[in-house]
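Okay, so here's the structure we're looking at.
Here, each number is a calculation from the coordinates, and none is a lab measurement. Small disclaimer: the values here were computed from a predicted structure and weren't measured. Backbone-built Cβ (ideal geometry, glycine too); neighbour counts: all protein chains shown.
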Amino acid sequence: MGRITRNTIDRIFDAVRIEEVIGDYVQLKKSGSSFKGLSPFNNERTPSFYVVPSKQIFKDFSSGKGGSVVNFLMELEHLSYPEVLRLLAKRYNIEIEEEEGTPEEEQTASLRESLFLINEFARDFYVDRLWHTDEGRSVGLGYFKERGFEPETLRTFELGISPDTPDGLTREALSKAYKEEFLIATGLTRKSEDGRLSDLFRSRVIFPIHGLSGRVLGFGGRILKTQTKAPKYVNSPESELYHKSKVLYGLYQARKALVQNDRCLLVEGYTDVLSLHQAGIHNVVASAGTALTIEQIRLVKRLTPNLTIVYDGDPAGIRASLRGIDLALSEGLRVKVVLLPGGHDPDSFARSRSREEILAFIEGAQTDFVAFKARLLLDETGGDPIKKIEAASELVRSVALLPQPLERDVYLKEVARLTGIEERLLQAELAQALARMEREKARDAQREQDREKRQAEQSFSTSDKPPAPAPGGDTSLALVPDPSPEALLAHSPDRVLERELLRLLLNEGHRKIAVEIEQFTEDLTAQTEEVEVVRYLIEEVDLNDIEIGDPGIRALFGRIRKAFLEGREIAGAEDFLGAEDTEVAALAAELMFEPYRLSDWERKSIYVRPVDLSQLCKDLILRMIKRKVLGEIEKLNEELKKPQDEPRRQELLRLHIHLNNNVRRDIEAKLNASL
């Protein structure tokens with residue numbers, strides 16, 4: 001697998017619409033010229049995640065992440081840079097051109113990508129066996145037809161069949177030059193102690209399990225033979241790609257419907273999803289036999305805050321799922337429950353009714369979680385007062401998980417009504433539950449703080465701390481409310497100036513400013529010419545040999561400088577936002593993100609003095625030169641403290657006087673004149 005050509009990368013970035021791609025993962029709502037939603041990287045209740053289509057960037061203020069759609073997918077899907085490019089190329093039907101890569105690039109690309117390719121080969125193998133072999137048509141399609149599934153449904157979910165042979169998939173894969181180690185790593189192939197290879201799935205109908213991006217993470221297989229001791233269902237084992245607690249079956253097919261309907265229906269099994277989808281209800285996913293996990297809940301939360309859990313009436317299964325409901329509540333989801341009529345699961349219920357009938361039943365039968373849980377728990381008490389108290393306590397603990405006090409108050413009244421226990425007693429129980437939760441949060445926060453402190457102490461020594469401002473420095477910029485090493489570095493005066501340099505390059509680089517040139521008119525008035533901000537700033541940094549200390553800022557400045565020297569557009573997303581280094585991309589997005597505009601202030605009758613861009617650029621360069629001069633003066637001070645012969649000492653003194661009395665004062669005079 002070669003390196004993707006620059007031409008292909010440019011075409012991908014030209015075609016991609018960031019709001020479309022991210023909208024498959026996050027429920028976005030229009031906010032002026034941008035979109036906003038809940039962070040997919042952090043658990044938050046107030047949206048701080050922004051997408052700016054005009055700049056093709058996202059910025060997540062809760063986690064600090066940002067960049068282009070490429071960086072978004074790299075972070076969220078844990079994909080490499082080339083993997084994301086290939087994914088986007090497939091989505092936008094762009095043919096990929098490749099060139100030979102370095103051995104290191106080839107090796108890196110072959111790891112996770114090889115596992116994905118193995119899974120995609122297996123999916124195609126199983127699908128082909130279903131449609132194009134006698135066994136597939138008679139056994140596989142016969143099973144699906146008997147279950148009432150139509151060809152379109154089978155193709156939408158890419159269903160297939162594994163052959164009734166010990167190693168059919170493995171032999172076929174090896175014959176196509178797929179490596180044994182990757183077949184084993186995905187779990188599709190097992191290796192015995194004597195070295196024999198065999199397939200995980202044999203004589204089963206196959207359900208590929210897709211990630212949100214549509215790539216195959218793993219498989220589920222249902223046995224076809226009735227007279228066998230093999231388990232009815234088998235899933236792929238945990239692997240680099242597949243973690244059963246972090247996936248929901250059908251989420252890829254349901255993602256758009258979840259956003260459009262602003263509700264997620266949660267069922268248990270593969271066929272439940274298939275039947276409801278075939279009936280025209282597409283906003284449905286399955287936990288696929290696992291107890292609902294926090295990771296699965298957060299997958300839903302990205303797309304909708306409304307969750308309806310559909311149960312088939314099995315009391316033991318329902319009781320076991322209550323913890324999942326509490327997890328959903330703790331994540332801020334609004335949870336309702338639907339109990340299907342006796343003898344029905346979602347699969348059979350959907351096959352016996354029309355779309356309109358199913359939706360009408362769900363609308364009429366869905367119950368708020370408190371009423372559902374109360375009925376379930378109170379039915380188990382059998383009139384025993386102790387059990388009734390225990391049930392009430394469990395209900396109050398669920399109410400305590402609700403994020404809003406008003407919600408808690410309403411639901412507590414409902415618990416009082418359902419249990420017949422005085423509300424004031426339940427209020428006391430709620431206060432205790434909330435206090436326990438706060439103590440647990442405080443303990444967790446303290447543990448996290450201690451962990452971060454230990455990491456900081458290990459990675460930050462005294463010698464790494466930034467020096468105190470030199471005499472005459474801009475000490476006001478050095479005032480930092482947080483004395484931690486990270487904060488000191490983030491707020492150091494040098495970094496403030498360096499960030500401003502990048503901000504101007506990224507946001508104003510294309511604009512022109514008037515600069516004086518070394519030519520004068522007859523009356524000795526200095527002549528000016530119009531130059532682009534990018535040219536002025538880069539040339540001044542080079543001319544004055546200004547060094548950039550922050551590694552991230554230096555890397556991003558290097559990209560901008562390279563694009564400028566090559567005559568390319570400096571705002572090209574691939575250069576900065578699409579950088580493989582996600583920290584560089586996040587920095588670019590942060591500096592390009594402008595949440596406030598002057599026009600917004602004026603609408604609120606707040607008027608500010610217009611910014612003189614030309615003067616702003618000149619002042620910035622002067623301040624950076626001043627920083628350099630102050631650094632040189634400090635070095636001279638240290639040198640003068642050391643024993644020197646007299647000629648050398650006089651030379652150092654002359655240079656010190658020149659820098660301190662002439663150069664520094666000249667810079668400060670120019671800065672004061674601009675105020």
Nearest-0.05 FRET efficiency for Asp124 and Arg45 at R0 = 60 Å, using Cβ-Cβ distance, is 0.90
Points 7 angstrom from Cα along the Cβ direction at Glu98 and Asp194: gap in nanometres?
3.9 nm
With θ taken as phi - 60° and the coefficients 6.51, -1.76 and 1.60, list the Karplus ³J(HN,Hα) couplings across region 32-45 in order, rounded to whole Hz; mark glycine and proline as x.
x, 8, 10, 10, 9, x, 7, 4, x, 9, 10, 7, 9, 9
Note: Arg424 to Ser393 extended length (0.36 nm per residue) minus current alpha-carbon separation gives 9.8 nm
Prolate/oblate/rounded call for region 17-84, Cα gyration tensor, a/c under 1.5 rounded
oblate
What are the principal axis extents of the Cα atoms in region 251-365, in Å, biggest first?
35, 33, 25
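Could you give me D for region 390-455, from Stokes-Einstein at 10 °C and 1.306 mPa s, where the hydrodynamic radius is the Kirkwood radius over C-alpha pairs? Units µm² s⁻¹, please.
On the way: Rh = 13.0 Å.
Result for D is 122 µm²/s.
Expected output is a single nm value to one decimal: the length gained when fully extending between Ala445 and Gln432, i.e. 0.36 nm times separation in residues minus the C-alpha distance. What is it?
Values: separation 13, 0.36 × 13 = 4.68 nm, distance 1.98 nm.
Fully extending the segment from Ala445 to Gln432 adds 2.7 nm.
Which FRET efficiency value, to the nearest 0.05, is calculated for Leu655 and Glu566 with the Förster distance at 45 angstrom and r the Cβ-Cβ distance?
Numbers: r = 38 Å, r/R0 = 0.84.
With a Förster radius of 45 Å, E is 0.75.
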With 24 Å as the cut-off, how large is the P(r) tail for region 176-290, expressed as percent of Cα-Cα pairs?
33 percent
Spatial extent of region 112-242: Rg and Dmax, with the Cα atoms as the point set, Å
14.1, 43
Give a residue-ordered list of calculated ³J(HN,Hα) values for region 414-428 (Karplus: 6.51 cos²θ - 1.76 cosθ + 1.60, θ = phi - 60°; whole Hz; x for Gly, Pro).
5, 4, 4, 5, 6, 9, x, 9, 4, 5, 5, 5, 5, 4, 5
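Based on the mean of other beta carbon atoms within 10 Å per residue, what is the order of 53-61, 397-405, 270-278, most packed first? Write out the running numbers ahead of the final one.
Working: 53-61: 21.4, 397-405: 17.0, 270-278: 25.3.
Most protected by this proxy first, the peptides run 270-278, 53-61, 397-405.
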Segments 290-299, 424-433, 63-72 sorted - mean Cβ within 10 Å per residue, highest first:
63-72, 290-299, 424-433
Region 504-512 - phi-based ³J(HN,Hα) in whole Hz, Karplus 6.51/-1.76/1.60, Gly and Pro as x:
5, 5, 6, 9, 10, x, 7, 7, 10
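Shape verdict for region 312-392, please, from the Cα gyration tensor: rounded (a/c under 1.5), prolate (a/b greater than b/c) or oblate. Write out the running numbers ahead of the final one.
On the way: a/c = 2.40, a/b = 1.67, b/c = 1.44.
Because a/c hits 1.5 or more and a/b exceeds b/c, region 312-392 counts as prolate.
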Using alpha-carbon positions, what is the distance between the centroids of region 1-73 and region 336-397, in Å?
39 Å
